[in-house]
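K.L.:
To start, I am sharing the structure in question, which I have written as structure tokens.
The values are calculated or read from the model by the stated rules, or taken from the named source; none is laboratory data. Note that the structure is a prediction, hence the values are computed from the model and not measured. All Cβ positions, even for glycine, are placed from backbone atoms using ideal geometry, and neighbour counts span all protein chains on display. We work out accessible area using only protein heavy atoms, side chains counted, and drop any ligands, DNA or RNA first. Shrake-Rupley method; radii C 1.70, N 1.55, O 1.52, S 1.80 Å.
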Amino acid sequence: MTQTVMKIDDLHLSFPVSRSLLDVVQRRPGKSVNALNGVSLELQQGETLGVVGESGCGKSTLARCIVRLYEPTSGQIHFDEQNIFGAAARKDRSYNRRVQMMFQDPYSSLNPRMTTGDILAEALRVHQMRPEAEIAPRVAELLDLVRLPQDAAEKLPHEFSGGQRQRIAIARALAVEPEVLIADELVSALDVSVQAQVVNLLLELQQRLHLTILFVAHDLRLVRHVSNRVAVIYLGRIVEIGDSETLFSAPSHPYSQALLSAAPSLDPDDKGAAIQLEGELPSPLNVPPGCPFHVRCRHVTAQCRTVIPALRALEGRGEVACHHAEEINQHA
Amino acid sequence: MTDHPILEVENLCTTFSRGGTDLPAVRDVSFALCKGQVQGLVGESGSGKSVTLRSILGLARHYGEVRGSVRWQGQELTTMSERQLRKIRGREIAMIFQEPMTSLNPLLTVGTQLTETLKAHTDLGRRARRDRAIEMLDHVGIPAAASRLGEYPHQFSGGMRQRVMIAIALAASPKLLLADEPTTALDVTIQAQILDLILKLADEMSMGVVLVTHDLGVVAQTCDTVSVMYAGRVVEQGDVRQVLQTPRHPYTEGLMRSVPQDVPPRTQLYSVPGTPPSLFSLPEGCAFAPRCQAAGPACQTARPTLQDIAPGRQTACFHPLPATQEDAA
Ligand SMILES: Nc1ncnc2c1ncn2[C@@H]1O[C@H](COP(=O)(O)OP(=O)(O)OP(=O)(O)O)[C@@H](O)[C@H]1O
Ligand SMILES: Nc1ncnc2c1ncn2[C@@H]1O[C@H](COP(=O)(O)OP(=O)(O)O)[C@@H](O)[C@H]1O
Ligand code: SF4
Ligand code: SF4
Ligand SMILES: [Mg+2]
Ligand SMILES: [Mg+2]
């Protein structure tokens with residue numbers, strides 16, 4: 001029934017720390033930041049997959065790999081049965097059109113000297129979406145689609161509010177009629193009331209245009225609201241993935257439990273005790289052996305310190321990477 | 001709440017001038033804060049929260065015009081000399097700024113910056129200062145604190161720099177903490193830890209706190225009272241439970257309703273229509289009128305002032321939303 005549009009397989013990416021040219025030339029195995037440590041997931045046609053995790057856990061790195069801004073150290077991404085890093089796919093520019101990224105900070109990704117109209121027209125021309133004569137009407141249509149007034153076409157990015165700039169970024173991504181949207185912290189910088197407007201627009205456009213969305217955000221409430229499924233990332237690994245409502249109402253991995261319990265409730269009477277995590281996120285320079293969460297986990301055993309837990313299905317829940325998921329969730 | 005207030009802000013107005021035009025950044029802000037009390041300040045970006053804090057601390061008067069009164073333990077701060085103010089800042093009143101990187105000195109080690117603060121504002125000896133510095137870094141969740149005293153700010157991650165700022169602000173045990181979005185840049189796990197620390201100090205050391213945030217969850221979990229700001233003015237204030245659970249001002253209600261909580265997943269969220277007005281061209285009447293569904297003719301021409309609507313509860317609106325039983329409780 002559901003159709004997989006993208007398949008990510010055991011993605012690893014490490015950034016060399018030392019930027020010295022000599023190290024690079026001699027291929028010296030210097031220190032490296034292990035930003036992704038084996039991420040596997042499938043994107044289903046028309047779904048929103050939320051991605052959450054602490055700062056630096058690899059969310060943006062994953063997003064950037066998907067749009068080929070980064071090349072993984074190992075692992076593969078298949079789109080339409082084709083390896084996107086393979087030679088054939090490299091030459092085929094249609095991938096760049098079909099999978100669009102919207103950035104964390106649209107202010108820096110929109111050219112400050114180009115009017116909104118020019119920004120949209122350029123996107124249409126680059127991918128030859130419309131014959132020259134149809135470009136102007138299509139720009140008008142796009143502005144309408146994201147509910148910007150028509151006079152927006154003549155204005156420069158700085159003349160807009162944050163929420164309106166996000167709409168321009170969305171319009172530009174949609175200009176090329178993509179199938180997959182990668183939204184990295186798309187609304188994080190916006191005030192709640194404006195955030196709601198942009199999220200509503202995204203949900204509506206998704207329905208209308210059958211878009212598949214990867215939604216990266218640190219606002220857990222928002223991710224819960226927009227996502228069909230959610231992946232929790234810890235130190236470059238998925239530790240839990242599954243249906244959004246199930247995961248948020250009953251997280252199964254000790255890390256997901258701690259992360260979700262820390263989100264402050266809107267009800268002053270609900271001072272639900274946050275599960276205090278011991279220590280802090282270890283540096284991706286030194287990912288601990290065994291379960292990457294073991295140094296902060298209350299349920300740690302000897303096995304956890306040496307054996308990496310694989311992601312596996314847990315009855316009634318999603319998939320969880322924890323040796324003791326059954327016992328832990330029995331008592332919960 | 002029979003306590004005397006330690007901080008009394010009355011009709012605070014701050015005006016900047018930009019290209020010959022007056023920009024009314026803050027208008028008629030009034031509130032009082034008692035020992036150990038945590039007061040929240042919420043509102044959309046640009047609503048005047050940061051300027052309010054900077055005006056209280058006497059920083060805004062260097063680049064803007066500040067009127068009204070700020071009384072700190074009975075002393076008037078708005079007219080106090082810079083020299084006297086400097087004795088109060090850091091020691092009695094500490095501030096955590098929104099942008100952590102601009103307020104740490106990149107040339108000094110974190111340890112030096114902490115111990116210098118302690119030297120300036122406490123009577124602790126050398127050893128005690130070092131111990132206290134380690135203790136504070138430990139409190140804000142910086143692991144292996146002792147070994148990191150010798151490191152420079154750039155060697156810390158963004159979140160850790162923010163925590164260092166918090167440690168510095170709290171090191172001298174101030175009686176009042178002005179915190180501008182102290183946890184906005186942090187992960188929820190660290191945020192919970194820092195807010196716990198601030199609450200603990202408020203409680204144990206009777207420290208008053210004015211906490212600026214745009215996260216209503218943070219307000220619900222940490223504040224006793226809250227003021228909601230819109231276009232430079234307080235539109236509603238009072239007990240946090242009452243304001244969040246039964247908002248009386250349409251803007252507060254709109255803010256609460258836009259948060260995705262208890263709404264069916266993947267449905268349209270409520271959103272306040274329109275955008276905040278520019279401070280250069282505020283509407284003549286109520287600044288919220290162009291976005292307000294309850295607006296009537298009076299709202300277009302007259303500006304509502306903050307009125308008592310229940311004990312300790314004020315709102316600035318001609319047509320406040322109905323009170324429910326909660327208000328009586
Ligand atoms: N170009 C780069 N060179 C070196 N290290 C990098 C680079 N980009 C990211 N990293 C590192 O990789 C890790 C993952 O970073 P990433 O940007 O994916 O985090 P994130 O989950 O998006 O965090 P945030 O929530 O703060 O946006 C971090 O340790 C980061 O410092
Ligand atoms: N130093 C300054 N000079 C001129 N205008 C300022 C200055 N600082 C703030 N403003 C303006 O005052 C208004 C309120 O700003 P601020 O208090 O920072 O808002 P926020 O509620 O987001 O903290 C904004 O319009 C802002 O642009
Ligand atoms: S595998 Fe062990 S250390 Fe890792 S989350 Fe599970 S119980 Fe904790
Ligand atoms: S005074 Fe009028 S316009 Fe302003 S908030 Fe109240 S009802 Fe709305
Ligand atoms: Mg990121
Ligand atoms: Mg501010």
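K.L.:
For the pair residue A:115 and residue A:301, what calculated FRET efficiency results from E = 1/(1 + (r/R0)^6), where r is the Cβ-Cβ distance and R0 = 60 Å, to the nearest 0.05?
P.N.:
On the way: r = 61 Å, r/R0 = 1.01.
My answer for the efficiency is 0.50.
K.L.:
Sticking with this one: Where in segment B:35-64 does accessible area fall by at least 40 Å² between the isolated chain and the complete protein assembly, at a 1.4 Å probe radius?
P.N.:
At a threshold of 40 Å² (probe 1.4 Å), the residues of segment B:35-64 that become less exposed are B:44.
K.L.:
Separate question: Going by a 1.4 Å probe on protein heavy atoms, which residues of segment A:160-195 end up with at least 50 Å² less accessible surface in the whole assembly than in their chain alone?
P.N.:
Residues shielded by partner chains are A:191, A:192, A:193.
K.L.:
Report the gain in length on full extension from residue A:154 to residue A:91: 0.36 nm times residue separation, minus Cα-Cα distance, nm rounded to one decimal. The partial results should precede the final answer.
P.N.:
Numbers: separation 63, 0.36 × 63 = 22.68 nm, distance 3.49 nm.
Separation in residues times 0.36 nm, less the Cα-Cα distance, equals 19.2 nm.
K.L.:
Right, next: What is the distance in Å between the Cα centroid of segment A:113-186 and that of segment B:37-108?
P.N.:
Here the answer is 41 Å between Cα centres.
K.L.:
Taking the 0 to 90 degree range and rounding to the nearest ten, how far is the long axis of helix A:116-126 tilted relative to the main principal axis of chain A, both from C-alpha atoms?
P.N.:
80
K.L.:
I would also like to ask the following. From Cα pairs below 8 angstrom and at least 6 apart in sequence, can you work out the relative contact order of segment A:4-328, rounded to a whole percent?
P.N.:
Values: 581 pairs, mean separation 63.4, N = 325.
The value is 20 percent.
K.L.:
Counting Lys +1, Arg +1, Asp -1, Glu -1, what net charge surrounds residue A:304 among other residues with beta carbon under 13 Å of its beta carbon? Walk me through the intermediate numbers first.
P.N.:
Numbers: positive: A:296, A:298, A:305; negative: A:327.
That sum, taken over residues with Cβ under 13 Å, equals +2.
K.L.:
First measure r as the distance between the Cβ atoms of residue A:267 and residue A:134, then evaluate 1/(1 + (r/R0)^6) with R0 = 45 Å and state the FRET efficiency to the nearest 0.05. Mind dumping the intermediate values first?
P.N.:
Details: r = 52 Å, r/R0 = 1.16.
Efficiency for this residue pair is about 0.30.
K.L.:
Can you give the extra length, in nm with one decimal, that the chain gains between residue B:3 and residue B:144 once fully stretched, where that is 0.36 nm per residue apart less the Cα-Cα distance? Could you put the intermediate results ahead of the total?
P.N.:
On the way: separation 141, 0.36 × 141 = 50.76 nm, distance 4.03 nm.
Full extension of this stretch gives 46.7 nm more.
K.L.:
While we're looking at this one, here's another question. What aspartates and glutamates could a cross-link reach from residue A:7, if we take a straight Cα to Cα line under 15 Å and drop same-chain neighbours fewer than 8 places away?
P.N.:
A:42, A:47, A:80, A:81, A:179
K.L.:
Nearest 500 deg cm²/dmol is fine: what mean residue ellipticity at 222 nm does the protein assembly as shown get from its DSSP H runs of n ≥ 4 alone, each adding -39,500 (n - 2.57), divided by its residue count?
P.N.:
Values: 27 runs with 228 residues, N = 661.
The helix contribution divided over the protein assembly as shown gives -9500 deg cm²/dmol.
K.L.:
Also: What angle do you read, to the nearest 10 degrees and between 0 and 90, between the alpha-carbon axis of helix B:110-121 and the longest principal axis of chain B?
P.N.:
80
K.L.:
Which whole-number percent gives the relative contact order of chain B, counting Cα pairs below 8 Å spaced six or more residues apart? Spell out each step's value before the answer.
P.N.:
Working: 601 pairs, mean separation 63.4, N = 329.
Value for chain B: 19 percent.
K.L.:
What list of ³J(HN,Hα) values in whole Hz, one per residue of segment B:171-187 in order, does the Karplus curve 6.51 cos²θ - 1.76 cosθ + 1.60 (θ = phi - 60°) give from phi, with Gly and Pro shown as x?
P.N.:
Going residue by residue, I get 4, 8, 6, x, 8, 9, 10, 9, 10, 9, 6, x, 10, 4, 8, 9, 5 Hz, with x marking Gly and Pro.
K.L.:
What net charge do the residues around residue B:270 carry, taking every other residue with its C-beta under 10 Å from that of residue B:270, with Lys and Arg at +1 and Asp and Glu at -1? Present the calculation step by step, with values, prior to reporting the outcome.
P.N.:
Values: positive: B:257; negative: B:253.
Spelling it out: positives minus negatives among the neighbours equals 0.
K.L.:
Further question on the same structure: Taking the Cα-to-Cβ direction at residue A:45 and at residue B:294 and moving 7 Å from each Cα, how far apart do the two end points lie in nm?
P.N.:
4.9
K.L.:
Short version: ³J(HN,Hα) in whole Hz for each residue of segment A:66-81, in order, from phi by Karplus 6.51 cos²θ - 1.76 cosθ + 1.60 (θ = phi - 60°), x for Gly and Pro, what are they?
P.N.:
Per-residue couplings from phi come out as 4, 9, 6, 6, 10, 9, x, 5, 7, x, 9, 10, 10, 10, 6, 6 Hz.
K.L.:
Counting Lys and Arg as +1 and Asp and Glu as -1, each charge on the Cβ, what is the dipole of the protein assembly as shown about the Cα centre in debye, to the nearest 20? Write down the numbers at each step before the final one.
P.N.:
Details: 65 positive and 72 negative charges, 389 e Å.
The calculated dipole for the protein assembly as shown is roughly 1860 debye.
K.L.:
Just to confirm, what accessible area per residue do you get for chain A at 1.4 Å probe, in whole Å²? If you can, show how the numbers build up before the last one.
P.N.:
Numbers: 14930 Å² over 332 residues.
Ligands and nucleic acids excluded, the result is 45 Å² per residue.
K.L.:
What number comes out for the charge environment of residue A:140, summing +1 per Lys or Arg and -1 per Asp or Glu over other residues with Cβ under 13 Å away?
P.N.:
Working: positive: A:130, A:138, A:147; negative: A:134, A:141, A:144, A:151, A:154.
Summing Lys and Arg as +1 and Asp and Glu as -1 gives -2.
K.L.:
Between residue B:69 and residue B:17, what length comes free when the chain is fully extended (0.36 nm per residue of separation minus the Cα-Cα distance, one decimal in nm)? Walk me through the numbers on the way to the answer.
P.N.:
Values: separation 52, 0.36 × 52 = 18.72 nm, distance 2.06 nm.
Roughly 16.7 nm would be gained on extension.
K.L.:
Here's a follow-up. Solvent-accessible area per residue for chain B at a 1.4 Å probe radius, Å²?
P.N.:
Details: 14220 Å² over 329 residues.
Roughly 43 Å² per residue, with all protein chains present.
K.L.:
Specify the angular offset, from 0 to 90 degrees and rounded to the nearest 10, of the alpha carbon long axis of helix B:188-204 from the longest principal axis of the alpha carbons in chain B.
P.N.:
Long axis of B:188-204 versus the principal axis of chain B: about 80 degrees.
K.L.:
Leaving ligands, DNA and RNA out of it, report the carbon-plus-sulfur percent of the accessible area of the protein assembly as shown at a 1.4 Å probe. Kindly include the intermediate steps, with their values, before the conclusion.
P.N.:
Details: 14810 of 29140 Å².
Carbon with sulfur: 51 percent of the solvent-accessible area.
K.L.:
So which residues in segment B:177-215 end up with at least 40 square angstrom less accessible surface once the other protein chains are there, compared with the chain by itself, probe 1.4 angstrom?
P.N.:
Those residues are B:187, B:188, B:189, B:214.
K.L.:
List the accessible area buried at the contact between A and B, summed over both sides and calculated with a 1.4 Å probe, in Å² to the nearest 100. Don't skip to the end; give the middle numbers.
P.N.:
Numbers: alone 16700 and 15980 Å², together 29140 Å².
Summing both chains' loss of accessible area gives about 3500 Å².
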